[in-house]
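Report on one structure; see the data block that follows.
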Amino acid sequence: MQIAQALAGYSLGDADNLRRAMGKKKKEVMAAERERFLAGVQAQGTADAKTAGEIFDQMETFAAYGFNKSHSAAYAVITYQTAYLKAHYRTEFMAGLLSLEAGDTDNTYKNLAECRDRNIPILPPDVNESREDFTVAGETIRFGLGAVKGVGSKAIETIIAARAEGPFTSLHDFCLRVRGQLVNRRVVEGLVKCGAFDSLERNRARLLASLDEVLRWGAARAEERSVQQIGLFGQAAGGDAPPPLATVPAWSAEEELRAEREAIGFFITGHPLDRYAQDLRKFTNATTATLRARGAAEPAGDGERNGRPDARPRVRLGGVIHTLKLRNSKRGDRYATFVLEDKEGAVEVIAWPEAYRRHEAIIQSGAPVVVAGALDVSDDRCQVIADEVAPLAAARAEAIRQVHVRVPLPALGRDGLETLRAILAAHPGPCDAFLHLERGGDDHETIVALPSSLRVAATDQMVNAVERVLGAGVTSFR
């Protein structure tokens, strides 16, 4: 504004209009202002026409994105403060960041991945511990109840107010103390699916199967209390005894993870790719977090598009399919679009009719997959055009040569060893099997190479059978 006043004779009002025009970047307005500025400089005789044009161009360039010193200093202070908090209070910082960006799915994926990289455990929601936002619990971060789909702020306020009288002790206690239209069946179902009742009852399938009866019991007890109908022996007319929880088998780890994702939109207590973590790099060359960088670094591909060489880079990445949508092309052919999620984020994938016909069963299966195809990246889009879709378990089985099983001998015993032998014999395959016998009480182990008659297949079925006996995480591959 001072330049326009001093060189071109602008009034304060006209100089402010020039500033606004530069800020809005309107070409036609800027062209008119340029002519006016040059004419003003010529009339004032303060500079020649060439110098006046250069000065105006510099003002216009600076207005596109420029800071004065006070603005830059303020940004520098905020940057330093943010870096200090992240370095010295990393758990609190990440909890605040997750709460701030909870509505942005891409950023939430990125923040959860950073927590994993920094060894900050993320705990599922808990009806006795969680508040609405993400909170710090020691060196961990607790998911907020606000992350559960269908659970609104008013319902959360009701839950927190009820537990102020004391922690909930069971599903029955929760349904008896937390009542009203704001905390309905849908809300409680979402809380069960995401693990918010795990501290009270670990079997989520049991809670879900019992939910309707427990809710009816809680409503009846509440009504009896409100009208104070007392029976002959001082009990409520409907009886005090809560209904027993249903006797049903617990969900598998895969079923629990699917329920968590349905309730929250993310995997919390684990990820379907966890058991493939050591093997993914053998048959993939990218993750969702590296796709854009890969697109910039590898502009040339080796495929064809419409009969001509395809310049798009080729990628192979593993993940879980969700948000599957089936569509029809203009010719009436069925194709699919879906989101492929790994532990670092998600990317949109398109399987055109020919690819969809070949891989329909795999795409529909819900199992982890490896997708190979062309990467299509622009400023506002990142997609993978799938050519091949294969089960991740099959790709792993082809790449694996050895299966290693950790065996805690004191906890297993001779009968357990016989059970393990029967399991391995029931899953024959091409992989050599090794037992890592742990005696307990020290760090030593004995590694036993099993005979060729006990070579096994590196399948999910074999892993699940072994880990049902020995516990999660005892199986590894090479």
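The values are calculated or read from the model by the stated rules, or taken from the named source; none is laboratory data. Nothing here was measured: the structure is a model prediction, and the numbers come from that model. Neighbour counts are summed over all protein chains in view; Cβ atoms, including those assigned to glycine, are modelled from backbone coordinates with ideal geometry. Heavy atoms of the whole protein, side chains included, go into the accessibility calculation; ligands, DNA and RNA do not. Shrake-Rupley method; radii C 1.70, N 1.55, O 1.52, S 1.80 Å.
Things to note:
- Volume per residue of the convex hull around the Cα atoms, evaluated for the range 375-478, comes out as 143 Å³.
- Calculated mean residue ellipticity, 222 nm, the chain: -14500 deg cm²/dmol, from DSSP H runs (n ≥ 4) at -39500 (n - 2.57) each, averaged per residue and rounded to 500.
- Equivalent ellipsoid semi-axes, the chain, via Cα gyration tensor eigenvalues times 5, rooted, Å: 55, 37, 23
- Sparse-neighbourhood loop sites, GluC sites (Glu not before Pro) in the range 116-156 - DSSP loop, at most 11 other Cβ within 10 angstrom: 139
- Inter-part distance where the range 119-177 and the range 313-349 are each reduced to a Cα centre, Å: 34 Å
- Per residue, the accessible area of the chain comes to 56 Å² when a 1.4 Å probe rolls over the protein heavy atoms.
- Directionally averaged shadow of the range 307-406, computed from the convex hull of its alpha-carbon atoms, nm²: 8.7 nm²
- Each Lys and Arg adds +1 at its Cβ and each Asp and Glu adds -1 at its Cβ; summed about the Cα centre, the range 326-478 shows a dipole of about 540 debye.
- With all protein chains in place and a 1.4 Å probe, the accessible surface of the range 1-130 carries 54 percent carbon and sulfur.
- Cross-link table 86/154; 193/343; 110/282; 25/69; 154/343, entries beyond 25 Å C-alpha to C-alpha: 86/154; 154/343
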